[in-house]
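These notes are about the structure you will find just below.
Just so it is clear, none of the values below were taken in a lab; they were calculated from the coordinates. Here the structure is a predicted model, which is why all the values come from computation and not from measurement. Positions of Cβ are backbone-derived with ideal geometry, glycine not excepted, and every protein chain shown enters the neighbour counts.
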Amino acid sequence: MKGIIGLSYNLGLLLCRAVYLQVLFVIYCLRGGVVLGLFPSLYGMFKVINQLINGDISTYQDMKVAYKEAYREEFKASNSVGYILLGLVAFLSFDLAISKRFIQQPIIHGALLLLMIMTIGTILYSFPVLIRYNLTIKQVITQSFLMFISNIVEAVAIVISFLLMPIIFAFSPILIILVGLPALVFIVLFFSKQGIIKTEARFDNYENG
């Protein structure tokens, strides 16, 4: 019985934290007028979830303070990284539409698709890299790309998890509104962090070997 009670408590705590993170995301996103608040608020969620995983914070007050600090400390960097990569996705999407409708060359279309995949992969690693390292904007994007191509398995795991989420949320659609974004961020952070740690270990072995 203790096991069931403990499991129920932990699940309830997890859901409450996720809902609270969702609320904080909306508040700080609106605080930046959405356009300037979207990516700093998203970065804040990544940072707080990472701290929760590491056991650095535990209370709701800790989460609130950590979210506020993360939002402020990387406001410019998160916006820069976010909009550069978003702009690249928009540009490639436009090129793909033009290629499909007018150019209709398989080689060109395939190259554009490959670039899109690499860009999306870079996006998956961008905020985890920004959290872990003290880098310039250019270095964050470059390092995120290198992390992606070095850890394709983890990127595939993220995509598969995303595809499975609608099946899980189908049992309780309200969870999409309450905890949808924190769930997505957790998935990205969990797998990308594994990839980053593996890459660091390979680099250390190379240096020591």
What is the fewest-to-most order of TYR83, TYR60, TYR71 by other Cβ atoms lying within 10 Å of their Cβ? TYR60, TYR83, TYR71
Normalised per residue, the volume inside the convex hull of the alpha-carbon atoms of the chain in Å³ amounts to 168 Å³
What is the gain in length, in nm to one decimal, between THR199 and LEU115 on full extension, counting 0.36 nm per residue of separation less the C-alpha to C-alpha distance? 28.0 nm
Amide H contacts under 5 Å for GLY32, placed H, 5+ residues apart: GLY37
Please work out the ratio of the alpha-carbon Rg of region 132-208 to 2.2 N^0.38 Å and round it to two decimals. 1.36
Scalar couplings 3J(HN,Hα) for region 65-72 by Karplus 6.51 cos²θ - 1.76 cosθ + 1.60 (θ = phi - 60°), nearest whole Hz, x for Gly and Pro, are 5, 5, 5, 4, 5, 5, 4, 7
Whole angstrom only: what separates the Cα centroid of region 43-94 from the Cα centroid of region 95-147? 19 Å
